[in-house]
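Everything on this sheet refers to the single structure shown next.
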Amino acid sequence: DQQVKQNSPSLSVQEGRISILNCDYTNSMFDYFLWYKKYPAEGPTFLISISSIKDKNEDGRFTVFLNKSAKHLSLHIVPSQPGDSAVYFCAASLAQGGSEKLVFGKGTKLTVNP
Amino acid sequence: GAGVSQTPSNKVTEKGKYVELRCDPISGHTALYWYRQSLGQGPEFLIYFQGTGAADDSGLPNDRFFAVRPEGSVSTLKIQRTERGDSAVYLCASSRGSAYNEQFFGPGTRLTVL
């Protein structure tokens, strides 16, 4: 049972345009959401996060939007740069019983073309 | 060091052998996590340590897997009687330990069981 879903395995955009990566979740108890970026042969790198009590968080070119009623979040990258090409993972955190494990989606491979 | 380190970076072993994977977290981080990432999937939670104790080991697939963190810093993931299905990238992450803190990942150990 996939609790965090990233339905687009890949996305291709032109340099300078907006990249929008989507993520859906099923567990309404998730209280914190994160986006990670991963390059080949490296571990995931934290990008941006959002608490469930907010609907938007912005950090430079990156903005995450959360729609709790739809159980949906998205990551906007604008303007996109070739260096943004990587696999992006959406993750949700459930702080319960002392554990704060992350539940990850399968990832979306973003390619930014020069 | 500045980040989470993992050794070895690659491990090739034969079916039935025993392996140990090491994780050195960021200094001062009390929480430590192990995840496993198979090809085409997102990282999957294995076990979580708060200090020296395993606070949540619900992700360990079976009793062939075991992890320790005897002094609250370095952790070792141990796999007995390895099987081909254990082949994956094993990721370690650490965080400051409070709720809503980002987890910082190491580069992973790629385990191949022949």
Return a whole-number percent for the relative contact order of segment A:36-103, with Cα pairs under 8 Å and 6 or more residues apart as the contact set. 26
If each K or R counts +1 and each D or E counts -1, the residues other than residue A:93 whose Cβ falls under 13 Å of its Cβ total -3
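In chain A, what percent of the accessible surface is made up of carbon and sulfur (1.4 Å probe, ligands and nucleic acids excluded)?
Working: 2680 of 5490 Å².
After summing per-atom areas, the C and S share lands at 49 percent.
Would you mind calculating the relative contact order of chain B from Cα pairs under 8 angstrom and at least 6 residues apart, reporting the percent as a whole number? Numbers along the way, then the final one.
Details: 292 pairs, mean separation 41.6, N = 114.
Across chain B, relative contact order equals 37 percent.
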log10 of Debye I(q)/I(0), alpha-carbon scatterers only, for segment A:1-60 at 0.16, 0.19, 0.24, 0.26 Å⁻¹: -0.70, -0.98, -1.36, -1.40
Candidates A:78, A:87, A:64: whichever shows maximal mean-square fluctuation once chain A is modelled as a Gaussian network with Cα springs under 10 Å: A:78
Partner shielding of B:37-46, taken as the mean number of other chain Cβ atoms within 10 Å, equals 5
Could you identify which residue out of A:51, A:28, A:93 has the top mean-square fluctuation in a GNM of chain A using Cα springs shorter than 10 Å? A:28
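Please arrange B:14, A:100 by accessible surface area, largest first, computed with a 1.4 Å probe and ligands excluded.
Details: B:14 110, A:100 25 Å².
Order by accessible area, largest first: B:14, A:100.
In square nanometres and to one decimal, what's the mean projected area of the convex hull around the Cα atoms of chain A? Write down the numbers at each step before the final one.
Details: hull surface 28.9 nm².
Orientation-averaged projected area of the Cα hull: 7.2 nm².
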Approximate shape of the protein assembly as shown as ellipsoid semi-axes (Cα gyration tensor, √5λ), whole Å, largest first: 30, 20, 16
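For chain A, what relative contact order do you get, as a whole percent, if you take Cα pairs closer than 8 Å and at least 6 residues apart? The partial results should precede the final answer.
Details: 277 pairs, mean separation 41.4, N = 114.
Result for chain A is 36 percent.
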Debye log10 I(q)/I(0) for chain B, one point scatterer per Cα, at q = 0.15 Å⁻¹: -0.58
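The values are calculated or read from the model by the stated rules, or taken from the named source; none is laboratory data. Quick caveat, the model's predicted, so the values are computed rather than measured. Every residue, glycine among them, receives a Cβ derived from its backbone with ideal geometry; neighbour counts consider all protein chains shown. Heads up: the accessible areas ignore ligands, DNA and RNA and are worked out on the full protein's heavy atoms, side chains in. Shrake-Rupley method; radii C 1.70, N 1.55, O 1.52, S 1.80 Å.
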